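**Student:** Structure below; questions to follow.
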Amino acid sequence: MALMEQFRKQGDFLFRYRSFFPIPFFLAGLALHAYQQYNIITDIPEYYYAICFAVGLVGLYVRVLIIGYVPKGTSGRNTKEQIANTLNTDGMYSIVRHPLYVGNFLMWLGIAMITANVWFIVIFALAYWLYYERIMYAEEAFLREKFGQTYLDWAEKTPAFIPCYKKWQSPNSYFSAKNALRREYTGLFNMVVVFFIFHFIQSAVKSNFDFTYQGIPEKVWYGILILAVIFYFTVRFLHKKTKLLEVQGR
């Protein structure tokens, strides 16, 4: 099999299972974090947690900016096959060809940073690139076949992964907060839960597993978790049981 076909086949396979990519890194990062806390007593300051969380939120914000503008049939969470009813070239897609994967990277980078382990962060970044390089290749091959010269003209002037903000073009459509909320509420909830788990482990070790101890940071994270749970189930109910979050054409 020629290398091009091999890359395409690998990319299509990885595309179908891309939602599972964070799981092994989450488990590995959690194990490393627990080991460092229990054996090395790495006291990660609260401001560092805030920085990591901010990095993750930036990634989520990037995804929200994309999802809020794109039309139906593009930039979705489909896993069975590539789907693109139209070619997105404005908004975030005017400065980078794969903005959703940039957003994903920042979200997961924020989580990897919690370990405060340089080697783990570097390994995560390299693994992410190797994994998504194949997926991006498969997606671009699909778009090239479907949109031909239109795609080639856009791809020639738009970087693949590192944004070029000088190329920004305002979106042609309006921003739909409902669409962004409907499609991204799960990501916010998952991120809050992961950060809470990491912080809970450090607090447990720091207090010698005295779960009656509740300092201000612990109370803050419990509060954030409770708000996230309420937010998640509220939006999920609206999404699954009502039509309030439906937007025509989105």
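The values are calculated or read from the model by the stated rules, or taken from the named source; none is laboratory data. The model shown is predicted, which means the values in this text are computed figures rather than measured ones. FYI the Cβ positions are ideal-geometry reconstructions off the backbone, even for glycines, and counts take in every protein chain you see.
**Student:** Looking at (1) in a loop (DSSP other than H, G, I, E, B); (2) farther than 23 Å from HIS98 by Cβ, can you tell me which one SER173 breaks?
**Tutor:** Just one mismatch for SER173, condition (2).
**Student:** I need every pair where a residue in the range 191-211 that is at pLDDT below 90 and hydroxyl-bearing (Ser, Thr, Tyr) has its Cβ under 9 Å from the Cβ of a residue that is assigned to a helix (DSSP H, G or I) and buried (at least 17 other Cβ atoms within 10 Å of the Cβ), sequence separation at least 6 or different chains.
**Tutor:** That search, which allows pairs on different chains as well, returns SER203/GLU218; SER203/TRP221; SER207/GLU218.
**Student:** Looking at (1) over 21 Å from PHE189 (Cα atoms); (2) of a type outside the set (A, V, I, L, M, F, W, C); (3) in a helix (DSSP H, G or I); (4) modelled with pLDDT of 75 or more, can you tell me which one TYR69 breaks?
**Tutor:** Result: TYR69 passes all but (3).
**Student:** Here's another thing I want to ask about it. I'm trying to understand the selection: among the residues of the range 119-168, which are closer than 21 Å to MET191 by Cα and over 17 Å from the mean Cα position of the chain (by Cα)?
**Tutor:** PHE120, VAL122, ILE123
**Student:** Considering each of GLU218, GLU184 in turn, give the residue that is closer than 30 Å to THR89 by Cα and charged (D, E, K, R).
**Tutor:** Answer to the check: GLU184.
**Student:** Of the conditions (1) buried (at least 18 other Cβ atoms within 10 Å of the Cβ); (2) small (Gly, Ala, Ser); (3) touching a residue at least 60 places away in the same chain (Cβ under 8 Å), GLY103 satisfies every one except a single condition; which number is it?
**Tutor:** Failing condition for GLY103: (3).
**Student:** Looking at GLY223 and the list (1) touching a residue at least 24 places away in the same chain (Cβ under 8 Å); (2) over 19 Å from the mean Cα position of the chain (by Cα), which single condition is not satisfied?
**Tutor:** (1)
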